[in-house]
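The values are calculated or read from the model by the stated rules, or taken from the named source; none is laboratory data. Since the structure is predicted, the reported quantities are computational estimates derived from the model, not experimental observations. For neighbour counting, all protein chains shown are included, and Cβ atoms are generated from backbone atoms with ideal geometry for every residue, glycine included.
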Amino acid sequence: MSFPWANHYEPQNPLMKWVDEKLPLPRLVYNAVGAGYPVPRNLNYMYNFGVLAGFCLVLQIVTGVILAMHYAPNALVAFGSTEHIMRNVNWGWMLRYMHANGASFFFLVLYLHIFRGFYYGSYKAPREMIWLLGVVIFLLCMATAFMGYVLPWGQMSFWGAKVITGLFGAIPLVGEPLQIWLLGGYAPDNAALNRFFSLHFLLPFVIAGVVILHIWALHIPGSTNPTGVEVKKESDTVPFHPYYTAKDGFGLGVFLILYCLFVFFMPNALGHPDNYIEANPLSTPALIVPEWYFYPFYAILRAFTFDFILTAQLWGVLAMFSAILMWFFLPWLDRSPVRSASYRPLYRIFFWVLMVDMAALFYLGGAHAEEPYIMFSQLATAYYFLHFLVIVPIVSSIERPKPLPYSITEAVLGKDDDAQLGATVAAKA
Amino acid sequence: MADTTGTATPDMVAPETDATGDGVRRRDFINIAAVSAAGVGGIAVLYPLISQMAPSADVLAESTVEVDVSAIEPGQAIKAIFRKQPLFLRRLTDAEIAEADAVPLSDLRDPQSLEERTKAGQKAMLITMGVCTHLGCVPLGAAEGEARGEYGGYFCPCHGSHYDTAARIRKGPAPTNLLVPDYEFNADGTVVTVG
């Protein structure tokens, strides 16, 4: 693991030497996020979001475990216990707002992390496994966030649970029994609430486990970088500590300012007022939408309005799941050997078009299900699939990339003495 | 190590160019300031995380209770609940008061006179927690027909602590007398507010 010029862990303190012999945990930290991990020297701020996502996971687990000390997962008292947290528990309001807005910021960071991957080709060989594990983490986060949103047992909680489990009900033949099995009843009630609470508590630790695999897989080839050129030698890298601990620390500070702005000054801006009304199985809220971070996929779900061989309902469900599952195939859909969009003039244009398309889907997912939003949703959905299934494969085969720098060193300093015709690092060694 | 390709490590930053007159490097100052601010912030965040486990507002709101004692006859006791624990309110008979007063304080494990354990003018009204000071069981003796121990007060069946008519520990493992909570009578002495 890591590059041959990585710094070696050599504890000076006798106690640290003693610990290192018995349990080399400080050594592991040193080699993973310390001075023993060489990282490309040219990472920009788009490379902060992995660390920020890790921070969000810890934040959600800490605040979540605390909320679970005061919350009661029983349909009779769940809504009341949420209000109890808001009104009675010391700092309960802050901890709940931290957790609710923490979910939003977690997804914000995840989306930027994923889009960074789209732009810099982070999913390409030899990093396919990192990407695949990342998509698994994203799916687990979506499941966790959805089940967490059900717990306050407000109107949006209840109807969210009904609609999302209804997605499984759309599957032919087994759908209806499957939905009843998922809910443990014919509609969301105590059984569903209890199992959602149990799973909402469990899944973050599963996510933490997959995150460890994600980082383990990352540390084999090391990070990609804005040039997409692989690390060749020591002058291409700097040690993670202090260089990227400082850079990530600065990013964390900016992140926390934004986060605190929401937690303390507009804690409900990203939520729905209807969720402060207790769940009522007899009345659906006027606008039933998920949290903002599910909007793009919700827009895709609602874009299918007509039957074609299969029912419109089933098409919507299939399209919504495919929209994410497709990411699993991205390393093989994009055949271009050039990673970074900085050197891919054609792909770069389509990347930004996709961003505009995603922005449209974000907007449309939160809009009412009426014209003209339905038509725009259909266009945006069509383009989304077109991008991954048609444009990316074609662009990668017809595009003429710009010349790549010889090395990261050359890209940063403008020259690299090793970059002579016919000369390679291997020949010099 | 004159490496123009720039394998920068912290030691290679030329210190002379960075240093101010008193030898403090700008970079060191920023580093210490940033890490200190983050450290103080991190410790400050611990306060709500710890405080949330303390009793919540609804628990604190139930921490006083009013009990009407006007209907308690001499020799009778009632139980109330104060902070989720039993509270014994007993109106002593003259014989019980005399019995309590007859004990020399030097004989007691936890020396306290009956006066000290009751309010002035309400010497017959003995109000104590119904929580044995040994390990927290509820002593017998408040309800009709229960064993009252060798000293005619309360008897804890868990480990055999005997309390006298002033609810003072006389025999058994309990270290102190049954606790007298803070309470006040209303103006005409019929209602007590405990807590």
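Figures for the structure shown
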| quantity | calculated |
| --- | --- |
| In the stretch B:152-195, the residues that are surrounded by fewer than 21 Cβ atoms within 10 Å (Cβ to Cβ) and more than 18 Å from B:LEU89 (Cβ to Cβ) | B:PRO157, B:CYS158, B:HIS159, B:GLY160, B:LYS171, B:GLY172, B:PRO173, B:PRO175, B:THR176, B:ALA187 |
| Residue match in the stretch B:77-93 (condition: within 25 Å of B:ASP188 (Cβ to Cβ), in a loop (DSSP other than H, G, I, E, B) and of a type in the set (Lys, Arg)) | no |
| Filter pass, A:VAL238 being within 14 Å of chain B (Cβ to nearest Cβ), over 30 Å from A:SER396 (Cβ atoms) and either of a type outside the set (Lys, Arg) or part of a helix (DSSP H, G or I) (or both) | yes |
| Leading residue by the ranking (surrounded by the most Cβ atoms within 10 Å (Cβ to Cβ)) among those in the stretch B:36-66 that are of a type in the set (Val, Ile, Thr) and in contact with a strand residue (DSSP E or B) (Cβ under 7 Å, 6 or more places away or on another chain) | B:VAL65 |
| Tally, over the stretch A:406-421, of residues that are within 9 Å of another protein chain (Cβ to nearest Cβ), within 36 Å of the chain's Cα centre (by Cα) and not polar (S, T, N, Q) | 2 |
| Contacts under 6 angstrom Cβ, first residue in the stretch A:75-91 being within 7 Å of another protein chain (Cβ to nearest Cβ), partner in a helix (DSSP H, G or I), 6 or more apart | A:ASN88/B:ALA57; A:ASN88/B:ASP58; A:VAL89/A:HIS70; A:ASN90/B:SER51; A:TRP91/B:PRO48; A:TRP91/B:SER51 |
| Test: A:ARG335 is more than 14 Å from chain B (Cβ to nearest Cβ) and modelled with pLDDT of 95 or more | no |
| Residue in the stretch A:56-78 that is of a type in the set (Phe, Trp, Tyr) and assigned to a helix (DSSP H, G or I) present | no |
| Per-region count, the stretch B:100-147, residues in a loop (DSSP other than H, G, I, E, B) and over 21 Å from B:GLU73 (Cα atoms) | 17 |
| Residues located in the stretch A:162-180, provided they are β-branched (Val, Ile, Thr) and more than 28 Å from the chain's Cα centre (by Cα) | A:VAL174, A:ILE180 |
| Selected residue (criterion: nearest to B:SER161 (Cα to Cα)) from residues of the stretch B:93-133 that are aliphatic (A, V, I, L, M) and within 21 Å of the chain's Cα centre (by Cα) | B:VAL131 |
| Selected residue (criterion: surrounded by the most Cβ atoms within 10 Å (Cβ to Cβ)) from residues of the stretch A:15-29 that are under 28 Å from A:ASN225 (Cα atoms) and touching a Pro at 6+ places or on another chain (Cβ under 9 Å) | A:ARG27 |
| Enumeration of residues in the stretch A:93-131 that are more than 20 Å from A:PHE294 (Cα to Cα) and not aromatic (Phe, Trp, Tyr) | A:MET94, A:LEU95, A:ARG96, A:GLY121, A:SER122, A:LYS124, A:ALA125, A:PRO126, A:ARG127, A:GLU128, A:MET129, A:ILE130 |
| In the stretch A:328-373, the residues that are of a type in the set (Lys, Arg) and assigned to a helix (DSSP H, G or I) | A:ARG348 |
| Meets criteria (surrounded by fewer than 19 Cβ atoms within 10 Å (Cβ to Cβ), within 25 Å of A:VAL136 (Cβ to Cβ), of a type in the set (Gly, Ala, Ser) and within 22 Å of the chain's Cα centre (by Cα)) for A:SER322 | yes |
| Entirely in the stretch A:155-230, the helices (runs of 4 or more DSSP H) that have 2 or more residues that are surrounded by 17 or more Cβ atoms within 10 Å (Cβ to Cβ), among the polar types (S, T, N, Q) and in the same structural domain as A:LEU52 (by TED's automatic domain parsing) | A:155-169 |
| Restricting the stretch A:54-74 to residues that are touching a His at 6+ places or on another chain (Cβ under 8 Å) and within 18 Å of A:ASN194 (Cα to Cα), the residue that is nearest to the other protein chains (Cβ to nearest Cβ) | A:HIS70 |
| Some residue of the stretch A:257-267 being buried (at least 16 other Cβ atoms within 10 Å of the Cβ), closer than 23 Å to A:LEU110 by Cα, within 13 Å of another protein chain (Cβ to nearest Cβ) and without any contact (Cβ under 8 Å) to a residue 40 or more places away in the chain | no |
| Residue within the stretch B:60-68 that is farther than 30 Å from B:GLY153 by Cβ and facing chain A (nearest Cβ under 8 Å) present | no |
| Odd one out for A:TYR71 among (1) in the same structural domain as A:PRO11 (by TED's automatic domain parsing); (2) aromatic (Phe, Trp, Tyr); (3) closer than 30 Å to A:ASN88 by Cβ | (1) |
